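Reviewing the structure listed below.
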Amino acid sequence: MKYFSYCFAFVLFLLLTSFAPEKKFPVVDLKDLNGKIVSTSDFMTKHKITVVSFWATWCIPCQRELDIYGELYDEWKQKYDIEIVGVTIDNVRQLSKVKPLIAQKQWKFTILSDVNEDLKKTLNFEYVPQTYILDSKGNIRFDHSGFKPGDEVEMEKIFDELQNNKSEK
């Protein structure tokens, strides 16, 4: 009887997790680098695959990750119709370093500021870089902490899967 209970509980767990609702990316107001308020809903309603990468000027792995995204951005936009949003968590004093760094790196994607870490707290993560891939409806389909070369290859697999799912609907 005990074995049956464990089996039933396991099957129930599998059923419930396979039908679990998708987790929506939170709607929070951030600022662009000119101080204009931008809602995360703005980039979630464009019906595109969106990469949201949290970073800071003092974080070398973050810069390496965003450099790779910068190199691949035009290709990814053409192939997958994606949008990349870099969200800096630099504090008010460090924020003055963001624009010069972006100019130096020549990153073409959107950069927003989460200076009060409201979005970071809502998503409940500790360290940067922290990356999320959102489907065309704003659901979190992948999240990843840290960076190592080759992560972009794994991301492309997810882009392919999301693109295939989008075209099947």
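The values are calculated or read from the model by the stated rules, or taken from the named source; none is laboratory data. Small disclaimer: the values here were computed from a predicted structure and weren't measured. All Cβ positions, glycine included, derive from the backbone under ideal geometry; neighbour counts span all protein chains shown. With ligands, DNA and RNA removed, areas are computed over all heavy atoms of the protein, side chains included. Shrake-Rupley method; radii C 1.70, N 1.55, O 1.52, S 1.80 Å.
Sub-6 Å Cβ pairs linking a first residue in the stretch 21-48 that is farther than 21 Å from S136 by Cβ to a second residue that is surrounded by 12 or more Cβ atoms within 10 Å (Cβ to Cβ) and among the hydroxyl-bearing types (S, T, Y), at least 6 apart or interchain, are D29/S39; K31/S113, ordered by first then second residue.
Would you point out which residue out of L162, L95, L101 is modelled with pLDDT of 95 or more and either closer than 17 Å to T50 by Cβ or assigned to a helix (DSSP H, G or I) (or both)?
On the way: L162 fails: modelled with pLDDT of 95 or more; L95 fails: modelled with pLDDT of 95 or more.
It is L101.
Can you confirm whether D90 is outside any strand (DSSP E or B) and open to solvent by 40 Å² or more (accessible area, probe 1.4 Å)? Here the answer is no, as D90 does not meet what is asked.
Go through the residues of the stretch 149-165 one by one and say whether even a single one is of a type outside the set (S, T, N, Q), under 19 Å from L30 (Cβ atoms) and in contact with a helix residue (DSSP H, G or I) (Cβ under 9 Å, 6 or more places away or on another chain). Full working, then the answer.
Taking the stretch 149-165 as the starting set, the residues that turn out to be of a type outside the set (S, T, N, Q) are 149-162.
With under 19 Å from L30 (Cβ atoms) added as a condition, the list becomes none.
No, that holds for no residue.
Grab the strands (runs of 3 or more DSSP E) fully contained in the stretch 22-86, keeping just those with 3 or more residues being under 16 Å from A103 (Cα atoms) and open to solvent by 40 Å² or more (accessible area, probe 1.4 Å). Give the derivation first.
Working: elements: 29-32, 37-39, 49-55.
Strands (runs of 3 or more DSSP E) meeting the threshold: none at all.
Collect the residues in the stretch 115-157 that are out of contact with any Ser or Thr (no Cβ under 7 Å at 6 or more places or on another chain), buried (at least 17 other Cβ atoms within 10 Å of the Cβ) and among the polar types (S, T, N, Q), keeping them in residue-number order. Correct list: S136 only. Is it the case that the stretch 121-129 has a residue that's in a helix (DSSP H, G or I), modelled with pLDDT of 95 or more, out of contact with any Pro (no Cβ under 9 Å at 6 or more places or on another chain) and under 27 Å from G35 (Cα atoms)? No, the stretch 121-129 contains no residue that is in a helix (DSSP H, G or I), modelled with pLDDT of 95 or more, out of contact with any Pro (no Cβ under 9 Å at 6 or more places or on another chain) and under 27 Å from G35 (Cα atoms).
The residues of the stretch 66-124 that are among the aromatic types (F, W, Y) and either without any contact (Cβ under 8 Å) to a residue 40 or more places away in the chain or more than 25 Å from V153 (Cα to Cα) (or both) amount to a single one, Y73.
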